[in-house]
Every structure is written in structure tokens, then in C-alpha cells.
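The values are calculated or read from the model by the stated rules, or taken from the named source; none is laboratory data. Model, not experiment: these values are computed from the prediction. Glycine gets a Cβ as well: all are built from the backbone with ideal geometry, and neighbour counts include every protein chain shown.
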Amino acid sequence: MSTLLMLDTNAVSVIVKGQANALSEILNDRPFCISVITEAELRFGLVRRAVNADLRRIVDNFLVSTDIRPWTSACAQRYGLLRAELEALGKPLAPMDLLIATHALVEDCTLISADRAFNQVPGLHLLDWSANSVSAAVRYPARFVRDKLARAGITPDDVEDAVVHARTVRRHTTPKAKPGKKPKAK
């Protein structure tokens with residue numbers, strides 16, 4: 001898991017509404033940022049619908065106190081490659097989601113989101129903040145790895161087969177000493 005966390009728009013939304021206690025606890029202990037694309041989505045949300053002044057103030061305070069990463073030329077280059085790859089696989093993302101996923105990849109961040117569409121992005125480190133999975137990933141790293149492998153289509157049987165194969169290859173390439181005898185010195 002990457003050291004820096006990048007929050008998707010849905011993660012920020014539940015934080016500013018006070019609905020993500022487990023996620024908020026994790027963020028107290030880990031560095032995090034948002035993409036400037038997430039900032040744009042939040043600002044659009046404030047303009048699009050009438051929100052109360054308290055929520056507007058909370059969002060503004062959050063944005064002022066948060067590390068907001070700029071979109072760069074490196075992001076644009078990676079975006080082109082990622083969009084082409086996903087379209088070739090028949091798995092396009094919504095435009096803003098694709099921009100955020102690309103940004104997280106370029107910044108080498110773990111993206112925090114409940115949007116399962118991000119699961120199809122190759123190489124993206126992802127944590128689903130919903131259903132306490134964020135705190136579970138921190139408390140149970142083996143389960144987090146197992147779940148990540150499952151999302152990639154790798155089953156426990158696949159892992160066991162790989163371990164057996166590795167042991168078999170090692171057994172055939174590593175000479176063993178017979179019990180009670182010392183190996184010959186070269």
C-alpha cells in the first residue's frame with residue numbers, strides 16, 4: 001500500500017458530513033491529499049445545489065487545510081495511455097473518475113473511494129472506505145492483500161499452486177544433503 005492516501009470525491013463528502021468515523025481515524029495517522037479534480041467536483045457540488053452555509057464553510061475549511069495536488073503534464077501523458085488501455089479492454093471509466101485514477105497513479109497514492117469502478121484500473125492502489133474496509137486493511141493486512149488478489153482474479157488456489165510450483169522448482173535446483181552425511185566440500 002502506498003504511503004500517501006488520495007481521497008476520491010465520495011470519501012471527502014462523507015468526511016465533511018461527519019459520516020465516516022473509521023476513515024477519519026485512519027486519516028489522523030496517515031498523510032493524505034486530494035486531486036485538484038476532486039476539488040473541482042466539490043466546488044461544482046456547492047454551486048449546483050443549494051447547500052446550507054455550515055456545509056459550505058466545512059467544505060471550504062477542508063479545502064484550505066488539505067494538500068491539493070495539481071494536475072501536471074505527467075498526469076496528461078499517463079491519462080492518454082490509461083484511457084486507451086481501458087477502452088481496449090472494454091472497461092472505460094467516467095471522465096472525472098479516469099482523471100482522478102490517473103492522478104493517483106502518477107502521485108503513487110492509494111486512492112480512497114467507495115466507487116467500485118476503480119477496481120478495473122490496472123496498477124491502482126485502492127481502498128474502499130465503506131463497510132469499515134479501511135480500518136480492516138490497517139488492522140488485517142493479510143486480509144487486505146487477499147481481497148486485493150481476489151479483485152485481480154487471483155484465487156487462493158492460484159496462490160497455493162504458485163507456492164507448490166516454486167518449491168518444486170527450488171527442490172530440483174537445490175542439492176540436498178543426505179541425512180547423517182555432510183555435503184562434500186568443493
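Quick one: count up the residues across segment 117-141 that are more than 16 Å from residue 14 (Cα to Cα), modelled with pLDDT under 90 and surrounded by fewer than 14 Cβ atoms within 10 Å (Cβ to Cβ).
Taking segment 117-141 first, the residues more than 16 Å from residue 14 (Cα to Cα) are 117-126, 136-141.
Retained after the next criterion (residues that are modelled with pLDDT under 90): 136-141.
Add one more test, that the residue is surrounded by fewer than 14 Cβ atoms within 10 Å (Cβ to Cβ), and what stays is 139-141.
Within segment 117-141, residues that are more than 16 Å from residue 14 (Cα to Cα), modelled with pLDDT under 90 and surrounded by fewer than 14 Cβ atoms within 10 Å (Cβ to Cβ) number 3.
For the structure I just gave you, tell me whether residue 60 is among the acidic types (Asp, Glu) and exposed (fewer than 12 other Cβ atoms within 10 Å of the Cβ). Write out each step before concluding.
Details: among the acidic types (Asp, Glu): yes; exposed (fewer than 12 other Cβ atoms within 10 Å of the Cβ): no.
It is false that residue 60 is among the acidic types (Asp, Glu) and exposed (fewer than 12 other Cβ atoms within 10 Å of the Cβ).
Let's see how each residue does on (1) small (Gly, Ala, Ser); (2) outside any helix (DSSP H, G or I); (3) over 21 Å from residue 127 (Cα atoms); (4) within 14 Å of the chain's Cα centre (by Cα):
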residue: 11; (1), (2), (3), (4): yes, no, no, yes
residue: 18; (1), (2), (3), (4): yes, yes, no, no
residue: 50; (1), (2), (3), (4): yes, yes, yes, no
residue: 56; (1), (2), (3), (4): no, no, yes, no
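Check residue 42 against each of (1) in a helix (DSSP H, G or I); (2) closer than 15 Å to residue 105 by Cα and name the one condition it does not meet.
Failing condition for residue 42: (2).
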